[in-house]
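Beneath this line is the structure, given in structure tokens, with notes to follow.
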Amino acid sequence: MFNDIGPLELVTLVVLAVLVFGPEKLPKFIQDVTRTIRKIREFSESAKQDIRSELGPEFKDFEFEDLNPKTFIRKQLDNDELGLKEIRNGFDLKKEMAEVTDAVHGTDAPSSPSSPSASSSSSTSSSSGSTGGRVDMTKKPEEDDRPPFDADAT
């Protein structure tokens, strides 16, 4: 609950509370605050139980934490009914990034003929002609290739 409060900030809050409420009233104030927090928690639990009982037996496994989108998505992705773990385990991000880097730099990466990237690159290179289907990213644009500058448009 107080993960982002450091020790210096906590000491400052305690000193401020003693100054505002005084050493005589501070213990009573702390008891009142804890009692109020306890009542709020009891009210919250009571409301959750009422909602569960009203939803009926088909929602007996319903958890209110699932209403948080992050928790819901994480729970659904961990569920292996769709076979997502197989897809996630079969995907090698480093290999894919290396292939993209090699394609950008124009080097030939050894790839298996069964991979979709190899078949698409071979079909692209055969249909593109003399350039080999690659775009030269290091080529500097010439002066004539620049679009005209319109000072009124800016």
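The values are calculated or read from the model by the stated rules, or taken from the named source; none is laboratory data. Keep in mind it's a predicted model, so treat the numbers as computed, not measured. For neighbour counting, all protein chains shown are included, and Cβ atoms are generated from backbone atoms with ideal geometry for every residue, glycine included. The accessibility values were calculated without ligands, DNA or RNA, using every heavy atom of the protein model including side chains. Shrake-Rupley method; radii C 1.70, N 1.55, O 1.52, S 1.80 Å.
Brief remarks on what is shown
- Hits in the range 1-18 - residues which are surrounded by 10 or more Cβ atoms within 10 Å (Cβ to Cβ) and either assigned to a helix (DSSP H, G or I) or in contact (Cβ under 8 Å) with a residue 24 or more places away in the chain (or both): 9, 10, 11, 12, 13, 14, 15, 16, 17, 18
- Residue match in the range 55-72 (condition: surrounded by 10 or more Cβ atoms within 10 Å (Cβ to Cβ), modelled with pLDDT under 90 and more than 31 Å from the chain's Cα centre (by Cα)): yes
- Top-ranked residue in the range 27-50 [being among the aliphatic types (A, V, I, L, M) and over 35 Å from the mean Cα position of the chain (by Cα); ranked as farthest from residue 66 (Cα to Cα)]: 30
- For the range 61-71, the criterion of being without any contact (Cβ under 8 Å) to a residue 40 or more places away in the chain, of a type in the set (Asp, Glu) and not in a helix (DSSP H, G or I) is satisfied by at least one residue.
- Lone qualifier among 48, 28 - being open to solvent by less than 100 Å² (accessible area, probe 1.4 Å) and basic (Lys, Arg): 48
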